[in-house]
Amino acid sequence: MLTFIFQIEHRWGAIDSRKIGIGNISRADGAVFPPHRSHKSGLEVDIRPIRKDGKQMPVRYTDSQYDRNATRKLVEFIWQTEMVKRVAFNDVSIPRVQRMTGHDDHLHVEIISE
């Protein structure tokens with residue numbers, strides 16, 4: 001997971017000064033992590049969509065501060081790692097994301113275990 005996060009941060013930092021918000025991954029012992037049903041294996045991470053104003057705050061894909069084009073680029077970088085099994089986010093105008101209840105304000109990324 002750290003390799004994945006470092007790759008995304010490195011690629012993003014090369015094109016944009018706004019920071020990526022990395023959220024929940026999992027608990028060290030795989031314990032239940034409310035409100036998540038997943039996030040037990042260390043192979044899932046929540047990432048905030050990009051805001052137009054660059055603030056380190058949540059943003060929903062329906063908000064005026066949501067930057068769809070930048071978030072689309074972030075999702076492209078996520079897939080380019082070739083480490084990803086699924087990206088869930090409710091702005092389905094972005095290619096290769098799947099709708100998932102409760103994911104209006106963050107991307108849920110599952111990486112492949114090998």
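Amide H contacts of residue 66 (H built 1.01 Å from N, in plane; Pro and chain starts excluded): 52 sit under 5 Å, all sequence-distant by 5 or more or on other chains. Between the helical axis of 68-80 and the longest alpha-carbon principal axis of the chain there is an angle of about 40 degrees. Between residue 55 and residue 113, the contour length at 0.36 nm per residue exceeds the alpha carbon distance by 17.6 nm. Fraction of C-alpha pairs exceeding 26 angstrom in the chain: 12 percent, rounded to a whole number. Dipole magnitude for segment 2-111: computed about the Cα centre from +1 point charges on Lys and Arg Cβ and -1 point charges on Asp and Glu Cβ, it is near 100 debye.
Angle of helix 2-13 to the longest C-alpha principal axis of the chain, folded into 0 to 90 degrees and rounded to 10: 0°. Each Lys or Arg adds one and each Asp or Glu subtracts one; over the other residues with Cβ under 9 Å from the Cβ of residue 93, this totals +1.
Under the definition of Cα pairs under 8 Å and six or more residues apart, what whole-number percent is the relative contact order of the chain? With pairs under 8 Å counted, the relative contact order is 24 percent.
A cut-off under 10 angstrom between Cβ atoms defines the neighbours of residue 60, and their net charge, with Lys, Arg +1 and Asp, Glu -1, is -4.
Here the calculated FRET efficiency for residue 64 and residue 41, from their Cβ-Cβ distance with R0 = 25 Å, stands at 0.10, rounded to the nearest 0.05. Let a ≥ b ≥ c be the square roots of the eigenvalues of the Cα gyration tensor of segment 36-95; is it rounded (a/c under 1.5), or, if not, prolate (a/b larger than b/c) or oblate? The shape class here is prolate. Dipole orientation for segment 2-111: of the candidates 95, 107, 56, 95 has the Cα lying most toward the positive pole (charges on Cβ; Lys, Arg +1; Asp, Glu -1).
Readers should treat all values here as calculations from the given coordinates under stated rules, not as data from a laboratory. As the structure is a prediction and not an experimental result, all values here were calculated from the model. Here Cβ is always computed from backbone atoms with ideal geometry, including for glycine, and neighbour counts include all displayed protein chains.
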